[in-house]
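Handing you a structure now.
The values are calculated or read from the model by the stated rules, or taken from the named source; none is laboratory data. The model shown is predicted, which means the values in this text are computed figures rather than measured ones. Note that each Cβ is placed from the backbone with ideal geometry, even for glycine, and that neighbours are counted across all protein chains shown. These accessible areas exclude ligands, DNA and RNA; they are computed on the full protein's heavy atoms, side chains included. Shrake-Rupley method; radii C 1.70, N 1.55, O 1.52, S 1.80 Å.
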Amino acid sequence: MTTRSGPVRADLVRESWAAFGAALDGLGDDDSWAATGRTGWAVRDLVHHGLEDARRALVALHTPTTARPDRDAVSYWAEREHDPVRDAEDRRADRVAAALVRDWERLRELHAATVRAAAHAAGHAGAGAAVRTEGHVLRVEDLLSTLAVATTVRHLDLIRHLDGTPGPSADGLAEVRRVLTELWGREPLEHWSDEHFARIGTGRAEPTDEERALLGERARDLPLLR
């Protein structure tokens with residue numbers, strides 16, 4: 001598996017969070033009710049989900065362990081269980097929680113403050129150290145990759161119906177491409193940009209008939225993660 005050094009991955013997740021925050025800075029209360037690329041979710045629902053992810057990062061980065069890692073930056077996604085019932089319950093919980101924060105500015109500021117704290121913790125964590133999260137053990141560098149990937153994909157959902165809103169960081173998209181490529185075990189089509197591959201690889205866009213013809217049997221593997 002291709003790896004990055006810990007400090008580089010700390011920069012990676014920091015840049016991914018910063019790009020997401022920059023997109024939120026230009027959105028007002030009316031925008032917070034806009035649809036996103038995640039079916040049934042408004043912008044504020046998506047932001048609350050990002051807030052919970054940053055809180056999880058904070059907990060994980062302060063939950064060191066001497067146990068052997070059982071997931072890395074790629075297998076975290078490959079072996080992630082898909083439970084439609086649980087996923088639906090999680091979506092409802094996020095929407096209910098987001099609805100309790102009626103003030104958009106308050107939600108945005110809470111997200112920004114939590115992300116800053118998580119980014120600070122990421123910058124001071126030992127890259128090779130192991131931490132616990134979601135019932136698994138990951139090295140810090142791999143945890144940070146998963147956070148950057150999740151934030152970048154969430155950013156693509158954010159801007160789906162908001163023309164002119166700044167997109168994800170280039171490094172974040174490159175990390176999504178790296179992880180998707182390793183999950184697939186083969187290179188994407190040469191003309192696919194990082195963003196296009198990210199959308200197709202996560203089920204947010206469908207390959208065209210021409211692309212399916214070029215992919216052949218490989219098209220059956222898509223999407224690689226959701």
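Identify, from the list ALA148, ALA113, the residue that is surrounded by fewer than 21 Cβ atoms within 10 Å (Cβ to Cβ), at pLDDT 95 or above and within 20 Å of PHE20 (Cα to Cα).
Just a single option satisfies the conditions, and that option is ALA113.
Could you grab me the full set of residues in the stretch 51-81 that are over 24 Å from GLY21 (Cβ atoms), open to solvent by 50 Å² or more (accessible area, probe 1.4 Å) and modelled with pLDDT of 95 or more?
PRO64, THR66, ARG68, ASP70
For the structure I just gave you, tell me whether ALA118 is closer than 27 Å to LEU61 by Cβ, free of Cβ contacts under 8 Å to residues at least 24 places away in the same chain and in contact with a helix residue (DSSP H, G or I) (Cβ under 7 Å, 6 or more places away or on another chain).
So ALA118 fails the test.
Restricting attention to the stretch 100-110, which residues are assigned to a helix (DSSP H, G or I) and surrounded by fewer than 18 Cβ atoms within 10 Å (Cβ to Cβ)?
LEU100, GLU105, ARG106, GLU109, LEU110, listed by residue number.
Restricting the search to the stretch 151-169, which residues are surrounded by fewer than 22 Cβ atoms within 10 Å (Cβ to Cβ) and of a type in the set (A, V, I, L, M, F, W, C)?
ILE159, LEU162, listed by residue number.
Restricting to the stretch 170-179, name every residue that is surrounded by fewer than 23 Cβ atoms within 10 Å (Cβ to Cβ) and free of Cβ contacts under 8 Å to residues at least 40 places away in the same chain.
ALA170, ALA174, ARG177 - these are the residues of the stretch 170-179 that are surrounded by fewer than 23 Cβ atoms within 10 Å (Cβ to Cβ) and free of Cβ contacts under 8 Å to residues at least 40 places away in the same chain.
Related question: Quick one: would you say LEU138 is closer than 19 Å to ALA78 by Cβ, at pLDDT 95 or above and surrounded by 17 or more Cβ atoms within 10 Å (Cβ to Cβ)?
yes
Another question, if that's okay. What residue, among those in the stretch 188-216 that are touching a Leu at 6+ places or on another chain (Cβ under 8 Å) and charged (D, E, K, R), is farthest from ARG38 (Cα to Cα)?
Ranking the qualifying residues of the stretch 188-216, first place goes to GLU211.
Filter the stretch 180-206 for residues that are without any contact (Cβ under 8 Å) to a residue 40 or more places away in the chain, part of a helix (DSSP H, G or I) and open to solvent by 40 Å² or more (accessible area, probe 1.4 Å) and give the result.
ASP194, GLU195, HIS196
Residue-wise test of (1) assigned to a helix (DSSP H, G or I); (2) over 15 Å from the mean Cα position of the chain (by Cα).
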| position | (1), (2) |
| --- | --- |
| ALA19 | yes, no |
| ALA22 | yes, yes |
| ASP29 | no, yes |
| ARG38 | no, no |
| ARG44 | yes, yes |
| VAL47 | yes, no |
| ASP53 | yes, no |
| LEU58 | yes, yes |
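With the requirement that a residue be within 14 Å of GLU195 (Cβ to Cβ), in a helix (DSSP H, G or I) and of a type outside the set (A, V, I, L, M, F, W, C), what does the stretch 133-168 give you?
Listed by number, the residues that qualify are THR152, ARG154, HIS155, ASP157.
Specify the residue that is modelled with the lowest pLDDT; the eligible residues are those in the stretch 31-48 that are of a type in the set (Gly, Ala, Ser) and open to solvent by 20 Å² or more (accessible area, probe 1.4 Å).
GLY40
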